[in-house]
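Notes follow once the structure below has been shown.
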Protein chains: 2
Amino acid sequence: MKSADVHHPIFDEIADLARTLGHAHRLVLLRHIADGELAVEQLTQLSGIALANTSQHLQHLKRAGLVQTRRDGKRVLYRLADGPIENVLAALRNLANHRRQQIREFINDRISQPDRLENISREELVRRMRNDEVVLLDVRPQNEFVAGHLPGAINIPADELEQRLAALPREKVVVAYCRGVQCVLSADALAILRARGWASRRFEGGLPDWAAAGLGVEGVNYESG
Amino acid sequence: MKSADVHHPIFDEIADLARTLGHAHRLVLLRHIADGELAVEQLTQLSGIALANTSQHLQHLKRAGLVQTRRDGKRVLYRLADGPIENVLAALRNLANHRRQQIREFINDRISQPDRLENISREELVRRMRNDEVVLLDVRPQNEFVAGHLPGAINIPADELEQRLAALPREKVVVAYCRGVQCVLSADALAILRARGWASRRFEGGLPDWAAAGLGVEGVNYESG
DNA sequence: CAATCAATCAATCAATATGTTGAATGATTG
DNA sequence: CAATCATTCAACATATTGATTGATTGATTG
């Protein structure tokens, strides 16, 4: 409203925070630190960033109050600071994904050849689920999964898939699904799965197609009507 | 195996976004633009930033895809781009406020300071619901919820909120509501949500205000017939 | 206490970002 | 079509940031 409001120092503080997040190395480091306390050298190995460089970025993060440290013998362990830090990261990831998706929809270079992505029809999926031949993989963000998902599905958001591949069985066919035909998350997931040698298919219709067919859905939006 | 993940281009994209938000001038401009379409000169006046400088920052925002433009006669009008941009800003603001409060050991006393960020108007709520930017949280007892609630709302009674936080998404703004202005349930809920770092607002009018405005209500008292 | 290890500091250079100035563009007006 | 207005561009000086290198600090080990 008033210019006094506009010059409020909160803007500078927010800008400092944002600038601290404005470097891929620091985002990578934060991502690893978010999984638990880690020492500097472990972080260099996980990230591939040179030692002194890693240290500097970590101190940048520390100055900004995003991480805290603790000494354990010779090592210095870094952990996430208190506060809604992961919310900010999630929001940024969300926005970036939103953008990517728009770009992909525009170019439409991925789903244009559905055969290569090995789509599975709803009918075949139902049949193979009955025979316990498949594992359902929901690659949408956790909150959407919580709100409602196909029965028995495992939730691994697409951007975490590479780290969490171990959670998937190798002896069944993995069927990935997401928000539906316009969503590329499951296509991304399939690329990862196939690159790592998983037997995998894609249920293109996703949750909307499933629900529209009157098949059961699990989740908070659906229990106790 | 992690290094492949680490070099994923999404990190660079997120970093670019964050860096774009990493300057107080651009945050100020975004804040004004978020209120509605504005021309460059109006923005210079509102922000106090020199004309050419304003223009450059606006173009920075445009390059980053955070704003879009439209020509109207001689003027160029800037507006927010699509996507969960306000969520990112809210998350950053939230984190910065969290830090400020920690530093000052500030004690938050409920409704005594109803700051502008806390309450959300019906108009803004409707708009953000349309954009799928918010999650509605009904914190009244279950029986009242069943009788009637805002469309799409999740019901978690205020006294169960702390145990059931996991049901709430982190990447959308949570808007809590209850029986209306005289009811403190949603204020309590907001205290819990903010303490745990959720981006959250309060729809003060609650169900009565919503229904009085002639907006749709879901529930057994309202279903067809 | 010397040797070793983990992390940080200091100094440097290259690359980017910012603010300012004045000129150039694009659309409207008389 | 010339004048005017709103905005953008181009060029420059200055500041900030990032990566690299080698030295330094702090803690442990023998």
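Interface burial in the stretch B:22-52 reaches 10 Å² or more for B:Gly22, B:Ala24, B:Leu27, B:Val28, B:Arg31, B:His32, B:Leu46, B:Ser47, comparing the full protein assembly with the chain by itself; accessible area from heavy atoms with a 1.4 Å probe. The amide H of B:Ala39, built 1.01 Å from its N in the peptide plane, has B:Tyr78 as neighbours under 5 Å, considering only residues 5 or more places off or on other chains. Computed from backbone phi with θ = phi - 60° and the Karplus coefficients 6.51, -1.76 and 1.60, the 3J(HN,Hα) list for the stretch A:63-77 is 4, 7, x, 8, 10, 10, 10, 7, 8, 9, x, 6, 8, 10, 9 Hz; x is used for glycine and proline.
When A and B come together, around 4800 square angstrom of accessible surface is lost from both chains combined, probe 1.4 Å. About the centre of its Cα atoms, chain A shows a dipole size close to 620 debye [charges on the beta carbon of Lys, Arg (+1) and Asp, Glu (-1) only; nearest 20 debye]. Residue separation of B:Arg179 and B:Asp16 scaled by 0.36 nm, minus their Cα-Cα distance, works out to 54.4 nm of gained length.
When restricted to Cα atoms, chain A yields an Rg and a Dmax of 21.3, 67 Å, respectively.
Which whole number gives the average, over all residues in A:74-86, of C-beta atoms from other chains lying within 10 Å of the residue C-beta?
Rounded to a whole number, the mean comes out at 3.
Using a 7 Å projection from Cα along Cα-to-Cβ, the label point at B:Glu41 is separated from the same position in the remaining copies by 6.4 nm, smallest value first.
Helix A:24-34 versus the longest principal axis of chain A: what angle, 0 to 90°, nearest 10, using Cα atoms? Rounded to the nearest ten degrees, it is 80. Relative to the longest principal axis of the Cα atoms of chain A, the long axis of helix A:185-195 makes an angle of roughly 90 degrees. Ligands, DNA and RNA left out, the 1.4 Å accessible surface of the stretch A:109-212 is 49% carbon and sulfur atoms.
Across the protein assembly as shown, how many lysine pairs, 8 or more positions apart or on different chains, have C-alpha atoms separated by under 24 Å? Please give the number.
Counting lysine pairs in the protein assembly as shown gives 4.
Computed from backbone phi, the HN-Hα couplings of the stretch B:15-22 come to 4, 4, 4, 4, 5, 4, 7, x Hz, rounded to whole numbers (Karplus: 6.51 cos²θ - 1.76 cosθ + 1.60, θ = phi - 60°; Gly and Pro given as x). Sorted from shortest to longest, the distances between the A:Ala199 label points of this copy and the other copies are 4.2 nm, with each point 7 Å from Cα along the line through the beta carbon. Taking the radius of gyration and the Kirkwood hydrodynamic radius from Cα positions alone, what is the Rg/Rh ratio for the stretch B:139-213, to two decimal places? Radius of gyration relative to Kirkwood radius: 0.93.
Given Cβ point charges of +1 (Lys, Arg) and -1 (Asp, Glu) and nothing else, what value in debye, to the nearest 20, does the dipole of the stretch A:10-80 about its Cα centre take? Write out the running numbers ahead of the final one.
On the way: 10 positive and 7 negative charges, 43 e Å.
Roughly 200 debye, rounded to the nearest 20.
The heavy atoms of A:Thr44 present about 20 square angstrom of accessible area, all protein chains included, probe 1.4 Å.
Counting only heavy atoms of the protein chains, get the accessible area per residue of the stretch A:119-166 (1.4 Å probe) and round it to a whole Å² value.
On the way: 2060 Å² over 48 residues.
In whole numbers, the stretch A:119-166 has 43 Å² accessible per residue.
Taking the label point 7 Å along Cα→Cβ, B:Glu123 and its counterparts in the other copies are spaced 5.3 nm apart, in ascending order.
Once the partner protein chains are put back, the stretch B:177-208 shows a loss of at least 10 square angstrom of accessible area, versus the chain by itself, at B:Gly197 (probe 1.4 Å, ligands and nucleic acids excluded). Charge dipole of the protein assembly as shown (Cα centre as origin; +1 on each Lys and Arg Cβ, -1 on each Asp and Glu Cβ, all else neutral): 1400 debye, rounded to the nearest 20.
Semi-axes of the equivalent ellipsoid for the stretch B:1-82, computed as √(5λ) from the eigenvalues of its C-alpha gyration tensor and ordered from largest down, come to 30, 13, 10 Å.
Close amide-amide hydrogen proximity is noted between B:Ile154 and B:Leu136, B:Leu137, B:Asp138, each under 5 Å apart and 5 or more residues distant or on a separate chain (H modeled in the peptide plane; Pro and chain starts excluded).
Accessible area of the stretch A:1-105 with a 1.4 Å probe: how many percent of it is carbon plus sulfur?
Numbers: 2500 of 5220 Å².
Within the stretch A:1-105, the accessible surface is 48 percent carbon and sulfur.
Would you calculate a helix-derived [θ] at 222 nm for chain B, using -39,500 (n - 2.57) for each DSSP H run of n ≥ 4 and dividing by the full residue count, to the nearest 500? When only DSSP H runs of four or more count, the value is -13500 deg cm²/dmol. Taking θ as phi - 60° and the Karplus parameters 6.51, -1.76 and 1.60, the scalar couplings of the stretch B:40-47 work out to 4, 5, 4, 5, 4, 5, 5, 9 Hz in sequence order, x denoting glycine and proline.
Residues whose amide H lies under 5 Å from that of B:Arg201, counting only those 5 or more places away or on a different chain, are B:Val174, B:Val175, B:Ala176; hydrogens are built 1.01 Å from N in the peptide plane. Remark on the protein assembly as shown: ratio of C-alpha radius of gyration to 2.2 N^0.38 Å is 1.04.
The values are calculated or read from the model by the stated rules, or taken from the named source; none is laboratory data. Because the structure is predicted, anything quoted here is derived from the model rather than measured. A quick note on method: Cβ atoms are made from the backbone with ideal geometry, for glycine too, and the neighbour counts reach across all protein chains shown. Just the protein is used for accessible areas: all its heavy atoms, side chains included, with ligands, DNA and RNA removed. Shrake-Rupley method; radii C 1.70, N 1.55, O 1.52, S 1.80 Å.
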